[in-house]
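Take a look at the structure below.
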Amino acid sequence: MRAVLSGLVVLCSAVPLQAQDALTVQRIWGSSEFASDLVSIRWMPDDRYYSALEGGDLYRIDIRSGDRTLLLRRDDLIPSAGDGPIDIESYAFSSDGKKLLIFTNSQRVWRQNTKGEYFVWDFERERLQPVSRQPGFQMFAKFSPDAALVGFVRDNNLFVTELATGTEQQLTNDGDENIINGTTDWVYEEELGLRDAFRFSPDGHRVAFWRLDQSAIPPFYLIDEMQLYPEVTPVRYPKAGTDNSTVRIGVVDLRTSETTWVDLGPDADIYVAAMDFAGTADEVWLTRLNRHQNRLDLMLADTRTGTARVIMTDADSAWVDANEPIWFDEGQRFLFRSERDGFYHLYVFSRDGNLLRTLTPEAWDVTAVLGVDDDRDVVYFMGVGEGPLDRQLYRADLERPGVRRISEGAGTHGVSFSRSFDYYVDRYSTAARPPVQTLHRADGHILRTIADNSTLQERLSRLAMAPPEFLTVPGADGTDLNAWVIKPADFDSTHQYPLLMYVYGGPRSQTVRDVWGGGRYLWHQLLAQQGFIVASVDNRGTGWRGRDFTKDVYRRLGQLESADQIAAARYFAELPYVDESRVGIWGWSYGGYMSSLSLFQGDGVFSAAISVAPVTDWRFYDTIYTERYMRTPEENADGYTRGAPLEYANRLRGRFLLVHGSGDDNVHMQNTTQLVERLENADKQFDLRIYPNKTHSIAGRTTRVNLYTLFTDWLARNLAARAELTP
């Protein structure tokens with residue numbers, strides 16, 4: 001599941017309390033009052049510039065001076081006579097910067113708007129050209145390396161258009177509702193983050209692609225009841241322990257239209273998590289995951305014959321993540337991130353898979369690799385060397401030992417490097433500071449500020465908010481767990497307050513971060529203004545404290561995590577300023593799963609809980625996510641049963657609000673429906689709110705105002721006020 005993590009944001013204000021104003025749900029979720037002014041930028045092929053959209057027009061910005069030059073006016077983007085201009089929703093430059101690929105008129109496919117129309121703007125000819133003149137949406141269009149072609153997916157088949165002539169070439173012909181070429185099925189998209197599933201070779205003569213056959217997956221039907229006769233939408237959704245799509249990797253030669261299929265080995269029940277050309281048109285690399293996801297093989301395959309060999313394996317007694325190699329040295333060496341030594345470290349391998357050296361031997365995790373500067377023999381990466389609450393930028397030399405921190409200041413940095421690795425943009429924030437966007441040289445020297453969010457800072461300074469306090473609390477086994485606590489700005493230690501805990505808690509997630517948090521955090525501050533203490537705790541199984549801390553939950557999701565949340569609640573309840581009779585918990589998705597499980601198993605420590613879009617039995621969730629941590633229901637029946645809120649519904653004590661969107665394609669409404677039946681059969685009273693046709697995010701400005709008003713009012717009635725627990 002995808003976490004919608006709460007962050008930590010507040011501005012400590014010197015403005016007297018009586019001069020400050022109060023937060024409201026409408027201000028947070030129904031207006032743009034607290035929006036950020038950060039700029040969405042794209043690095044240009046010429047590293048002297050980056051680009052940005054402003055008011056529908058595209059500008060080029062000089063990196064050093066900040067001078068802006070108009071590159072493309074929206075009003076010039078007229079597809080044909082009589083048409084109005086198109087909107088640039090997304091764009092990409094050709095490698096020489098002479099052409100621009102424009103995405104427009106998009107529609108949503110599950111998580112993102114990934115289908116629509118593509119056009120090419122030729123800067124020299126000042127001409128707009130459609131990528132395809134045939135009917136049907138296009139997906140994932142991209143330039144070939146020489147920008148002579150554009151490849152795209154339509155109706156689950158692959159095509160390329162020759163830009164000089166406008167001629168389309170169809171590369172696959174078997175695409176239909178079962179066969180998917182060049183893109184992926186639901187579970188690959190959701191759990192492996194794979195949507196764009198084809199790659200051009202460096203010489204532009206070949207295209208490698210995924211082919212998925214999902215015919216073995218039964219449809220799960222989403223029901224739209226907002227019309228006279230309900231309509232159903234089938235989703236090929238593989239539940240834990242059921243059949244997946246079968247996967248193949250093909251390489252089509254554009255000169256002959258012949259396809260070569262890669263030999264992926266005798267086991268057909270696998271995932272191919274990543275793939276690309278390995279420096280030349282004659283080889284592709286790919287990562288093959290077994291069904292249990294505890295073995296990842298990095299393979300090299302000959303694109304002319306399809307023969308393949310394993311050059312490196314990453315394995316674990318629990319699970320391995322679907323990490324990818326970072327190739328450098330003209331494809332002769334690669335970097336790989338692995339937990340094989342107990343922490344996420346970076347390793348250098350030769351092309352044949354021999355381990356050459358460990359680049360980051362320290363006892364902390366590398367969280368992301370940003371890239372390799374071949375010219376200077378250095379790699380840039382993000383990590384938690386200052387502790388798991390931070391994200392810092394580091395560099396390591398590829399030939400010599402030693403790691404150097406580049407970023408400055410405690411908190412969270414989000415970094416994007418230019419293509420040459422001469423410059424980077426940093427998005428930096430802390431719990432007490434909204435994001436600031438700055439431009440730097442590669443050594444960390446700041447060149448200028450791109451966006452300072454001064455308007456947002458000024459607005460926040462007028463609010464009565466106290467900064468979060470970071471601390472550790474004991475887990476169920478005595479392990480120190482990271483936590484934050486938000487207290488009312490006028491906190492009085494002699495007074496007793498209701499406490500609301502916010503939880504996500506899923507594997508490798510975090511809610512306890514020194515980072516700007518946005519709307520959800522502001523809502524927590526709203527609760528603090530109304531007299532609540534709000535807290536969050538990262539239980540065992542969460543991220544970036546080493547392998548053992550995270551993977552302790554293997555085969556027993558929910559068991560250790562809920563025990564830790566209950567232990568943390570008991571710790572907080574013993575504090576003199578917390579009313580032990582008014583301790584609540586809330587969460588969304590995995591957090592909804594955790595809040596319901598913790599309430600049911602808490603033996604009265606929680607007097608109220610809000611559960612949004614919860615999994616109530618892992619048998620209802622998808623193969624890739626669930627089996628990664630639990631294996632299949634057949635292999636781990638006891639683990640599935642012990643971790644299912646359904647099994648404990650009869651132990652409900654306290655008030656319970658259950659919320660779900662009926663159009664949730666991720667955590668199906670089935671989870672809530674079956675929990676409702678268990679609660680009713682156990683004669684338990686609870687509150688239920690359904691949002692018709694809303695997805696897992698229950699999104700939309702009006703919807704969010706309604707949703708968080710529901711939360712706020714429900715907590716005022718059921719947690720702020722003193723009352724006896726419901727039996």
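Observations on the model:
- Selection of segment 95-117 for residues being free of Cβ contacts under 8 Å to residues at least 60 places away in the same chain, open to solvent by 30 Å² or more (accessible area, probe 1.4 Å) and not in a strand (DSSP E or B) yields S95, D96, K98.
- Within segment 516-528, the only residue that satisfies the criterion of being part of a loop (DSSP other than H, G, I, E, B) and hydrophobic (A, V, I, L, M, F, W, C) is W516.
- Residues considered: E168, E177. Of these, the only one that is assigned to a strand (DSSP E or B), without any contact (Cβ under 8 Å) to a residue 60 or more places away in the chain and among the acidic types (D, E) is E168.
- Residue check for R127: more than 22 Å from M275 (Cα to Cα) and of a type in the set (K, R): yes
- Residue among Y554, Y593 that is touching a strand residue (DSSP E or B) at 6+ places or on another chain (Cβ under 8 Å), over 24 Å from A528 (Cβ atoms) and among the hydroxyl-bearing types (S, T, Y): Y593
- Hey, D352 over 31 Å from the mean Cα position of the chain (by Cα) and either surrounded by fewer than 17 Cβ atoms within 10 Å (Cβ to Cβ) or in contact (Cβ under 8 Å) with a residue 60 or more places away in the chain (or both) or not: yes
- Single unsatisfied condition, A92 versus (1) in a strand (DSSP E or B); (2) of a type outside the set (D, E); (3) farther than 18 Å from S51 by Cα: (3)
- Residue check for T307: open to solvent by less than 50 Å² (accessible area, probe 1.4 Å) and at pLDDT 95 or above: no
- Selection within segment 678-705 - within 18 Å of W618 (Cβ to Cβ) and either among the basic types (K, R) or surrounded by fewer than 20 Cβ atoms within 10 Å (Cβ to Cβ) (or both): R678
- Checking each residue in segment 402-438 for being within 25 Å of D375 (Cα to Cα), of a type in the set (G, A, S) and open to solvent by 50 Å² or more (accessible area, probe 1.4 Å) picks out only S416.
- Pair list, Cβ < 9 Å and 6+ apart or interchain, from segment 246-259 residues that are assigned to a strand (DSSP E or B) to residues that are of a type in the set (D, E) and surrounded by fewer than 19 Cβ atoms within 10 Å (Cβ to Cβ): T246/D213; T246/D269; V247/D213; R248/D213; V252/E258; T259/D253
Listed here are the residues, each with its yes/no results for (1) within 16 Å of S257 (Cα to Cα); (2) surrounded by 17 or more Cβ atoms within 10 Å (Cβ to Cβ); (3) among the small types (G, A, S).
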| position | (1), (2), (3) |
| --- | --- |
| S132 | no, yes, yes |
| L158 | yes, yes, no |
| T165 | no, no, no |
| Q169 | yes, no, no |
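- Sole exception among (1) under 30 Å from A699 (Cα atoms); (2) surrounded by 24 or more Cβ atoms within 10 Å (Cβ to Cβ) for I624, by number: (2)
- Candidates are the residues of segment 439-449 that are closer than 26 Å to D374 by Cβ and in a strand (DSSP E or B); the one that is least open to solvent (accessible area, probe 1.4 Å) is L439.
- Hits in segment 122-148 - residues which are in a loop (DSSP other than H, G, I, E, B), on the phi < 0 side of the Ramachandran plot and touching a residue at least 12 places away in the same chain (Cβ under 8 Å): F123, E124, V131, S132, R133, Q134, F137, S144, P145, D146, A148
- Residues satisfying the stated conditions in segment 180-206, i.e. among the aliphatic types (A, V, I, L, M) and either more than 29 Å from G279 (Cα to Cα) or crowded, with 20+ Cβ neighbours inside 10 Å (or both): I180, V187, L194, A197
- D374, sole failed condition from (1) at pLDDT below 95; (2) open to solvent by less than 60 Å² (accessible area, probe 1.4 Å); (3) touching a strand residue (DSSP E or B) at 6+ places or on another chain (Cβ under 6 Å): (2)
- Residue pairs whose Cβ atoms lie under 6 Å apart, separated by 6 or more positions or on different chains, with the first residue in segment 537-555 and in a helix (DSSP H, G or I) and the second among the hydrophobic types (A, V, I, L, M, F, W, C), are K551/A318.
- Flag if L675 is closer than 11 Å to P614 by Cα and either touching a residue at least 60 places away in the same chain (Cβ under 8 Å) or touching a helix residue (DSSP H, G or I) at 6+ places or on another chain (Cβ under 7 Å) (or both): yes
- Scan of segment 595-619 for residues that are open to solvent by less than 10 Å² (accessible area, probe 1.4 Å) and either in a helix (DSSP H, G or I) or at pLDDT below 95 (or both), ordered by number: S595, S596, L597, S598, L599, F600, W618
- Against the conditions (1) surrounded by 14 or more Cβ atoms within 10 Å (Cβ to Cβ); (2) of a type in the set (S, T, Y); (3) assigned to a strand (DSSP E or B), T455 satisfies every one except (3).
- Where a residue in segment 642-658 is open to solvent by 10 Å² or more (accessible area, probe 1.4 Å) and its partner, wherever it lies, is in a strand (DSSP E or B), with Cβ under 6 Å and at least six apart: R655/A608
- Filter result for A535 (of a type in the set (A, V, I, L, M) and within 27 Å of the chain's Cα centre (by Cα)): yes
- Test: residue in segment 502-515 that is outside any loop (DSSP other than H, G, I, E, B) and buried (at least 21 other Cβ atoms within 10 Å of the Cβ): yes
- You will find that of L296, L300, the residue that is under 22 Å from the mean Cα position of the chain (by Cα), of a type outside the set (K, R) and open to solvent by less than 40 Å² (accessible area, probe 1.4 Å) is L296 and no other.
- Hits in segment 382-393 - residues which are in contact with a Ser or Thr (Cβ under 7 Å, 6 or more places away or on another chain) and either without any contact (Cβ under 8 Å) to a residue 60 or more places away in the chain or outside any strand (DSSP E or B) (or both): M382, G383, V384, D390, Q392, L393
- Residues of segment 284-293 that turn out to be open to solvent by 10 Å² or more (accessible area, probe 1.4 Å) and either closer than 21 Å to N181 by Cβ or touching a residue at least 24 places away in the same chain (Cβ under 8 Å) (or both), as a count: 4
- V553 satisfies every condition listed in (1) among the β-branched types (V, I, T); (2) closer than 29 Å to F381 by Cβ; (3) surrounded by fewer than 21 Cβ atoms within 10 Å (Cβ to Cβ) except (3).
- Matching entry among G478, G409 (being modelled with pLDDT under 95, farther than 21 Å from Y347 by Cβ, among the small types (G, A, S) and outside any strand (DSSP E or B)): G409
The values are calculated or read from the model by the stated rules, or taken from the named source; none is laboratory data. Just so we're clear, the structure is a prediction, and the values are computed from it rather than from any experiment. Note that we place each Cβ from the backbone using ideal geometry, even for glycine, and neighbour counts take in every protein chain shown. Accessible surface is based on the protein model in full, side chains and every heavy atom, while ligands, DNA and RNA are left aside. Shrake-Rupley method; radii C 1.70, N 1.55, O 1.52, S 1.80 Å.
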